[in-house]
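*Asks:* Got a structure here, written out as structure tokens. Questions coming.
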Amino acid sequence: MQNIGLMMTYNEADIIEEVMDSNKKFFDKILVLDGSSDHTEEIIRSYENVKYFIKDENLFPKRKITDGVRQFLLEKAQEMFGYDGWFTLLHGDEIFVDNPNEIVDKAEKAKAEKVNWHALNFFLHTSQKKTYDENKKIQDQVIFYHPGGIEIRQFKNKKNVFYNLNQMGVLPHGIGYKMLLDYPIFKHYVKRSLKQHQQKPIPHFGVRRDEAKEFYPLFVDHLEPAKKQVRKYTGHFDEFEPGQRPSFFRQWLNWHRYV
């Protein structure tokens with residue numbers, strides 16, 4: 001069963017090698033849309049499983065890029081590899097914990113057409129201000145996280161599936177209603193270094209992007225005020241751990257604990 005990765009990146013040079021080393025274990029076909037101004041492109045192009053690469057400026061010069069531009073990757077993937085299998089959405093600052101190929105197999109057996117993934121959003125905690133070392137490996141330094149939101153990250157590859165080029169959101173049109181009754185997890189490195197924070201500040205509603213860093217300091221106690229938990233990764237993701245998660249019904253009931 002082929003599982004094709006559709007990837008969007010933006011200035012991820014500080015972590016993209018670790019991300020791609022993880023992705024190459026799962027995907028032998030990755031198509032990339034990149035908007036970077038650093039050397040993310042150079043790193044990505046060095047991987048043999050990257051079968052197609054395009055810069056966002058070659059799609060829509062001087063136009064804001066939205067989630068819907070994945071349509072170009074989707075069309076190219078179907079042109080190159082047909083309509084068999086699944087698509088998995090990849091980002092340059094995310095690393096899968098669950099095996100996405102095993103999740104696809106489960107979805108196929110369940111006759112599902114889409115899979116929700118649970119983001120574990122990693123950030124730099126205020127307790128790390130004195131110990132943080134910019135020169136150390138990101139995954140050894142960024143060890144605090146919030147159990148975050150749920151997002152469709154995998155869907156069945158078939159004809160008549162499409163993205164609206166102007167839409168926000170990762171789910172394309174034309175996907176069936178049935179989903180896999182599980183929430184596999186991935187690590188999302190939201191705040192991971194001073195350099196990344198300066199290059200890609202998180203915008204705030206009503207605040208200019210170049211001013212946003214004043215509202216979002218590098219070290220924080222809570223990544224998002226709405227989240228109810230902050231956890232420290234100790235080598236195990238507790239109730240989220242692959243193979244140890246409770247039933248989907250129990251996961252659904254527990255949702256109020258995190259958000």
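Every number here is computed from the coordinates shown, using simple stated rules; none is lab data. None of these values were measured; they are calculated from a predicted model. Cβ sites come from the backbone with ideal geometry, for glycine too, and all protein chains shown count toward neighbours.
*Asks:* Hey, can you grab everything whose amide H is under 5 Å from the amide H of residue 88? Only 5+ residues off in sequence or another chain; H modelled, so Pro and N-termini drop out.
*Replies:* 4, 5, 6
*Asks:* Also: If you take every DSSP beta bridge fully contained in the chain, what fraction is antiparallel? Give it as a percent rounded to 5. Present the calculation step by step, with values, prior to reporting the outcome.
*Replies:* On the way: 18 of 41 bridges.
If I count the DSSP bridges inside the chain, around 45 percent turn out antiparallel.
*Asks:* Now a separate question. With +1 assigned to the C-beta of every Lys and Arg and -1 to the C-beta of every Asp and Glu, and no other charges, what is the dipole magnitude of region 3-257 about the Cα centre in debye, to the nearest 20?
*Replies:* Numbers: 39 positive and 37 negative charges, 146 e Å.
That gives a dipole near 700 debye.
*Asks:* Mind listing the long-range amide H neighbours of residue 185? Cut-off is under 5 Å, sequence gap 5 or more, other chains count too, H placed in the peptide plane at 1.01 Å from N.
*Replies:* 97, 98, 118
*Asks:* Further question on the same structure: Set the Förster radius R0 to 25 Å, insert the Cβ-Cβ distance between residue 178 and residue 233 as r into 1/(1 + (r/R0)^6), and round the FRET efficiency to 0.05. Provide the component values of the computation, followed by the final result.
*Replies:* Working: r = 33 Å, r/R0 = 1.30.
Once the sixth-power term is evaluated, E becomes 0.15.
*Asks:* Would you mind calculating the gained length between residue 168 and residue 111 on full extension (0.36 nm times residue separation, minus the Cα-Cα distance), in nm to one decimal? Walk me through the numbers before you get to the answer.
*Replies:* Working: separation 57, 0.36 × 57 = 20.52 nm, distance 2.68 nm.
That works out to 17.8 nm of additional length.
*Asks:* For the chain, just say rounded, prolate or oblate: build the C-alpha gyration tensor, square-root its eigenvalues into a ≥ b ≥ c, call rounded for a/c under 1.5, and beyond that prolate if a/b exceeds b/c, oblate if not.
*Replies:* Numbers: a/c = 1.61, a/b = 1.16, b/c = 1.38.
Since a/c reaches 1.5 but b/c is at least a/b, the shape of the chain is classed as oblate.
*Asks:* How far apart, in nm, are the 7 Å Cα→Cβ label points at residue 66 and residue 21?
*Replies:* About 3.8 nm, to one decimal.
*Asks:* Once you have the Cα-Cα distance between residue 219 and residue 54, take 0.36 nm times their residue separation minus that, and quote the gain in nm to one decimal.
*Replies:* Values: separation 165, 0.36 × 165 = 59.40 nm, distance 3.40 nm.
Gain on stretching residue 219 to residue 54: 56.0 nm.
*Asks:* At a 10 angstrom cut-off on C-beta neighbours, averaged per residue, how do the peptides 72-84, 221-233 rank from highest to lowest?
*Replies:* For the peptides 72-84, 221-233, the packing ranking is 72-84, 221-233.
*Asks:* Sticking with this structure for a sec: Do any of 137/159; 29/232; 25/129; 106/159; 55/158; 25/191 go past 31 Å between their Cα atoms, and which?
*Replies:* Numbers: 137/159 42 Å; 29/232 34 Å; 25/129 34 Å; 106/159 22 Å; 55/158 25 Å; 25/191 25 Å.
Check vs 31 Å cut-off fails for 137/159; 29/232; 25/129.
*Asks:* Starting from the amide H of residue 190, placed 1.01 Å from N in the peptide plane, find each other amide H under 5 Å away whose residue is 5 or more places distant or on another chain.
*Replies:* Counting only residues 5 or more places away or on other chains, the set is 122.
*Asks:* Hey, another quick one. Run the quick spin-label model on residue 258 and residue 1: label points 7 Å from Cα toward the beta carbon, then report their separation in nm to one decimal.
*Replies:* 2.3
*Asks:* Which of the trypsin sites (Lys or Arg not before Pro) found in region 139-194 are loop residues per DSSP with 12 or fewer other Cβ atoms within 10 Å of their Cβ? Could the numbers behind the result be given before it?
*Replies:* Numbers: sites: 153, 156, 158, 159, 178, 187, 191, 192; in loops: 158, 159, 178, 191, 192.
Filter output for region 139-194: 159.
*Asks:* With θ taken as phi - 60° and the coefficients 6.51, -1.76 and 1.60, list the Karplus ³J(HN,Hα) couplings across region 130-138 in order, rounded to whole Hz; mark glycine and proline as x.
*Replies:* These are the phi-based 3J(HN,Hα) values: 8, 10, 4, 10, 4, 8, 8, 4, 3 Hz.
*Asks:* Here's something else I'd like to know. Among the GluC sites (Glu not before Pro) in region 109-178, which ones are in a DSSP loop with at most 16 other Cβ atoms within 10 Å of the Cβ? Mind listing them? All intermediate terms of the calculation are to be shown ahead of the outcome.
*Replies:* Numbers: sites: 113, 134, 151; in loops: 113, 134.
Those satisfying the criteria are 134.
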